[in-house]
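To start, the structure under review is shown below, and the notes come after it.
Where a number appears in this text, it was derived from the coordinates with a stated rule and is not lab data. Remember, it's a predicted structure, so these values are computed and weren't measured experimentally. Note that we place each Cβ from the backbone using ideal geometry, even for glycine, and neighbour counts take in every protein chain shown.
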Amino acid sequence: MKKTLLNFGLSFGLTVFAVNTSNAQWVAQTSPTSQILDQVVFKDANNGYALGVMGPSPVVFTWIKTTNGGATWTNETSSTITYGPFSMFFTDANTGYAGGVDAIYKTTNGGSTWTSVTIPHSGGSFAVFSMYFFNANVGYACGFDYVNNVMFMLHTSNAGASWSAVVGGTGASIGSRNIDCIDASTCYVVGWNGGNGIYKTTDAGSTWTLVSPSTFGDLRSIDFINSTTALGAAGGSGIVRTTDGGLNWTQVTNTSGPNYDISSVSFLDATTAVAVGTGVILVSGDAGLTWTQMSTPSITTQEMNSFHFPTSTVGYAVGSSGTILKYNGSVGVEELKNSLLTQVYPNPSNGEFTVKAVKNFNTIEVLNVTGEKVYSADLNGAELKVNLENQPKGIYFYRLTSDNNTVKTGKLIIQ
């Protein structure tokens, strides 16, 4: 998911999102297709699109639309967009862009009709895989020339009336697959030269330089929340994070926990982020440092490719086999952070645990499987060392309580 101007105004304004793990309401929607869905984008709370492409022979494009908040989806056809779309981006409820082959299409009436602008090129055939508009006029697109086997970047400063191109790179297997901008002139792309690097422009796309080679394989998406901090979806390497503008990256999943194959990751506000991948949807409440798996229906064994939150309490995720999930949230972001910022680790352990909790949790109790209390203490701040080495191996349960009787529980394993 990319931050749309529809949700964030014409800059990176921060919106409080109501994603919650304990009361997550991801539910499966009825889909009109069994084809893969690669992207979902909403232009307002009710109207959205999901896109997908399968190939190479034959190439099958899927383009479906909802006008009632995902209650029903219908197949969308367009005589204008004859090959595509691969990607979409809306700057407001009426103005949107779709990336096809050798053309970018624009709508000014919410998608009822589309007009095309030819992409400048010489002898190639360009597929537009990703688009990003920083404001109503300044936008970028990236993709792949699959005739000449090179990547390309496009830039507009006049709301898509015309586009300039930068073409380069050799031996690219996938071209540039995802783009994110932190201001009108500074953008990053991933998936360049077969996914072996993160490239950056500071001059509105005229030149691109290698910021960092990818040591995690093919990065599938990237999202900066400010000029220094970003998250990346690294496929089978999980989620990676930078705090120095992309120079250095560290894994924040797949290190000591489950192995996640992540397709897309994005911030929802300064500290809340969501990621989707094969059979999983994850959420973070501490700017991507730690992640918790959200509750999803059994259909989420599919590869989830993209997500979008058009409002503060509603989100959508799409993936393989036409999978569409909808999230209805009801609990505010503070409750989310209270849940996610409470950590008990290592778990399992030999009986020694560290408890980190937000300040409103002030006591902890540990019970065995029969309900007998075997440990209790005041947290006295945000961190406590718990020693249960004198207890038998097995399963235990902890309970954190605050002054206002908020309770969080979890499982401990001594082995």
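Mind checking the full-extension length gain between Leu289 and Val211? Use 0.36 nm per residue of separation minus the Cα-Cα distance, one decimal, nm.
On the way: separation 78, 0.36 × 78 = 28.08 nm, distance 2.19 nm.
25.9 nm is the gain from fully extending Leu289 to Val211.
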**Asked** Using mean Cβ contacts within 10 Å as the protection proxy, how do 28-41, 84-97 order, highest first?
**Response** 84-97, 28-41
**Prompt:** Roughly what would the spin-label model give for Asn149 and Val27, points 7 Å off Cα along C-beta, in nm?
**Reply:** 5.0 nm
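Compare the peptides 276-286, 148-158 by average per-residue count of other Cβ atoms within 10 angstrom and give them in order, highest first. Walk me through the numbers on the way to the answer.
On the way: 276-286: 22.5, 148-158: 20.3.
So the peptides 276-286, 148-158, ranked by packing, come out 276-286, 148-158.
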**Cα→Cβ-extended label distance, 7 Å offset, between Asn362 and Thr228, nm** = 3.4 nm
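Please report, in debye to the nearest 20, how large the charge dipole of the range 125-277 is about its Cα centre when each Lys and Arg carries +1 at its beta carbon and each Asp and Glu carries -1 there. Display every interim value, and only then the final one.
Numbers: 4 positive and 9 negative charges, 29 e Å.
Once rounded to the nearest 20, the dipole reads 140 debye.
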**Prompt:** What spacing in nm lies between the two simple spin-label points modelled at Ala184 and Ser116, each 7 Å away from Cα in the Cβ direction?
**Reply:** 3.1 nm
**Asked** Within straight cross-link reach of Lys43, meaning Cα distance under 18 Å, which aspartates and glutamates are found once same-chain residues fewer than 8 apart are removed?
**Response** Glu76, Asp92
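Length gain on complete extension for the stretch Asn68 to Asn390, per 0.36 nm per residue less the alpha carbon to alpha carbon distance?
Numbers: separation 322, 0.36 × 322 = 115.92 nm, distance 5.80 nm.
Full-extension gain reported as 110.1 nm.
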